[in-house]
Amino acid sequence: MAEPIPVSEVSARVLQRRRRRPRWLKALLADRRASIGLVVLIVLVLAAVLAPYVSPANPDSMSFTMLEAPSWHHPFGTDDLGRDLLSRVIYGARVSLFVGVATVASSMLLGVVMGVLAGYYGGWLDTIIMRYIDLQWAFPNFIIAVYLVAVFGAGLSNVIIAIALAFLDDFARIARGMVLTIRELDYVEGARALGASDLRLMLRHILPNSMAPLIVQATVSVSYAILAEAGLSFLGLGVKASTPTWGLILSDGRSFITRAWWLGIFPGVAIMVTVLSINFFGDYLRDLLDVRETSTEKS
Amino acid sequence: MPAATPAVAPISPAAARRLRYRFVTSYLLKRVLAAILVMWAVATLVFFMLRAVPGDPVQAMLFDTADAHAVAVLRHKYGLDRPVYVQYGLWLWNIGHGDFGASIYGSREPVRQIISQALPRTMSLALLAFVIAMAIAVPAGIVSAVRRNSPLDHGFTLLAFLGLSMPDFWLGIVLIIIFAAHLRWLPAIGYAPPSDGFVPWLRHLILPATAIGTAFSAILARMIRSSMLEVLSADFITVARSKGLVERQVVMKHALRNALIPVITVTGIAFALLMAGAVVVENVFSIKGIGRVLIQGILNRDYPVVQGAILVVSAIFVMTNLVVDVLYTVIDPRIRLR
């Protein structure tokens, strides 16, 4: 039998435990890529929110200094209308990050509702929902987004709807799978025996325990959504022309890239750095929440 | 090789073959039927969604300036004055016979003709992109697995992250800036058919194909790495090593062949990715492939062209998935036939 531990040592251990850093923070600090990713993301979000204060110029004000190479005055150079590229890239972060988060939030909401309903009730509802999800699964998300924009037309809200609908199959599949596993567990049975309603079972008992893989998927999806938005904007199917978005700046600058390389480089670097940071952070979340690699790596 | 002892009554090899043959044919039949159903569902969705949107194609055709009479004449000509279910039936009949109608924008060219000109370009591009992706991914994946956790492995991991985070169309722009604008080694835009010779074809396609293939090579390299790691720890590899085979032979002959089996499943995803990439990248390099046709159609509100392009792109996906499924059952007989 183990020796009883003296009281003083117990309190020392408790104190030690309290002083110890939480697991997520320790893992984050140990993961250099994830820490860098998080710092970059915070900087990007701040830049987007504080765009009017941090950007050196008005992103829309034109000048006669057209297609000027990067300099102290214009760190990213100017475009064909003499607009400051750095300011446009900073303002572009607003649209990209907003679209990324808004699409994934709506996509997750819709997909999870579909997946939970399908998994919980089964039967014909499951068949209908999953047939649809299977149909969508057969196509790359970006192509679906293009199809939907073709139907709805361009514009900010339509782009968000199109990308959200295009990405919901991933969430629906994960949510359904989780529900099917959790539904059979003893504690859910117990709650049901105590008279919990279907809604309560789904919202209070099943969903909270399926969050880990959904959160990981959401992170991955934000990066894909940002890439998709940039692609749509680049093709002229994105938000309206007066809003600077990274994809649109690249598209506008395309005719000048042979003379003005900066128009082709900086907006793309902005996209890459953002997506890379999200991917770094997503990898850390995957390890932390112990979610095994899902087979959803299609874009 | 002697067969494993059967748990139940023994059957002759011929009977086993017959049984497997019956399984495979019924499986294939089911898959083909499912593929046809998917195509029908897509066609139906396309038909009804494009009709549900605000905006009249006839008005678009006449650039929103026509008088009522002209609109009525055109409506009648295209059968748009008939009930929707009649239109739907006719439409299904027509596309079933390869008739997608004619472009209503500018040329009035038959959609079938536009697509049959565009398809070889997209196919060339996707094929070359696939070759480039494999050429990058296979060596990178093997080296990462064999030299696990070495600086080289970490380097490849970082490169894979970069490849996945880069928009393919942006990589295309960067390649144009470097290789066309500054070094002047390769043409920036356009396409040369293979009939002009292999070198002009390659010179035009190598930049767009690299732009499309890079992201996929990152996914592929990671897959080959993890698959190789798994195989390298398997018993038969230990046996091969203990037989005294040189490491090179163990890796290249024994491990790689088995490690590539799961990679085949991703060729379906590969094709999907490469096609999605082609849709955007064709627009960067002004290659009039399916992607450019689709996007131009959308921008011009040219519905017959959009419908045709969507159906053809969808058909390519469905076919690829089917082929991959079939290929997989052929390569790995252990796969369970549902």
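No value in this document is a laboratory result; all are computed from the given coordinates. On a predicted model such as this, the values are computed, not experimentally measured, just so you know. Neighbour counts are summed over all protein chains in view; Cβ atoms, including those assigned to glycine, are modelled from backbone coordinates with ideal geometry.
Here are some notes:
- Test item: B:178-187 mean partner chain Cβ contacts at 10 Å: 1
- Rounded tilt (10° steps) of B:256-284 against the dominant C-alpha axis of chain B: 20
- For the protein assembly as shown, the alpha carbon positions stretch 96, 75, 67 Å along the principal axes, listed from largest to smallest.
- Excluding the site residues themselves, the longest part of chain B lacking any chymotrypsin sites (Phe, Trp or Tyr not before Pro) in a DSSP loop with at most 15 other Cβ atoms within 10 Å is B:186-338.
- The length gained by stretching the chain between residue B:248 and residue B:186 to full extension, at 0.36 nm per residue less their Cα-Cα distance, is 18.6 nm.
- Order of A:202, B:228, B:252, B:49 under a 10 Å beta carbon neighbour criterion, fewest first: B:252, B:49, A:202, B:228
- Of all lysines in the structure, those lying under 24 Å Cα to Cα from residue B:253, and not within fewer than 8 positions of it along the same chain, are B:243.
- Of the residues A:233, A:187, A:219, the one whose Cα sits farthest towards the positive end of the charge dipole of the range A:158-237 is A:187 (charges of +1 on Lys and Arg Cβ, -1 on Asp and Glu Cβ, taken about the Cα centre).
- Cα-Cα pairs of the range B:120-204 separated by more than 23 Å (percent): 39
- Candidates per trypsin sites (Lys or Arg not before Pro) in the range A:15-117, loop by DSSP, up to 13 other Cβ within 10 Å: A:20
- Base-10 log of normalised Debye intensity for chain B (one unit scatterer per alpha-carbon) at q = 0.09, 0.12 Å⁻¹: -0.67, -1.02
- Shielding of peptide B:158-167 by partners, expressed as the average count of other chain Cβ atoms within 10 Å per residue Cβ, is 6.
- Per-q log10 I(q)/I(0), the range B:198-259, q = 0.23, 0.25 Å⁻¹ (Debye; single scatterer per alpha-carbon; no solvent): -0.85, -0.94
- Cut-off 16 Å, label 7 Å out along Cα→Cβ of residue B:32, residues of the range B:304-325 by amide N: B:319-325
- When the helices of chain A are scored as -39500 (n - 2.57) per DSSP H run of n ≥ 4 and the total is divided over every residue, the value at 222 nm lands at -22500 deg cm²/dmol.
- Exposure proxy shown here: for A:205, B:154, the number of other Cβ atoms within 10 Å sets the order, fewest to most, as B:154, A:205.
- Equivalent ellipsoid semi-axes - Cα gyration tensor, the range A:110-245, angstrom: 35, 15, 12
- For peptide A:136-145, the mean count of partner chain Cβ atoms within 10 Å of a residue's Cβ comes to 6.
- Sparse-neighbourhood loop sites, GluC sites (Glu not before Pro) in the range A:200-299 - DSSP loop, at most 12 other Cβ within 10 angstrom: A:293
- With the simple spin-label model, which puts each label point 7 Å out from Cα in the Cβ direction, the residue B:257 to residue A:125 separation comes to 5.2 nm.
- Over the C-alpha atoms of chain A, the Rg to Rh ratio, Rh being the Kirkwood estimate, stands at 1.09.
- The alpha carbon radius of gyration of the range B:185-338, expressed as a multiple of 2.2 N^0.38 Å, is 1.38.
- Neighbour-count ranking [beta-carbon atoms within 10 angstrom, fewest first] of A:132, A:120, A:147: A:132, A:120, A:147
- Principal-axis analysis of the Cα atoms of chain A puts helix A:261-288 at an angle of about 10° to the longest axis.
- For chain A, the longest principal axis of the Cα atoms and the long axis of helix A:7-19 meet at an angle of about 30 degrees.
- Whole-Å distance, taken between Cα centres, linking the range A:275-290 and the range B:242-293: 25
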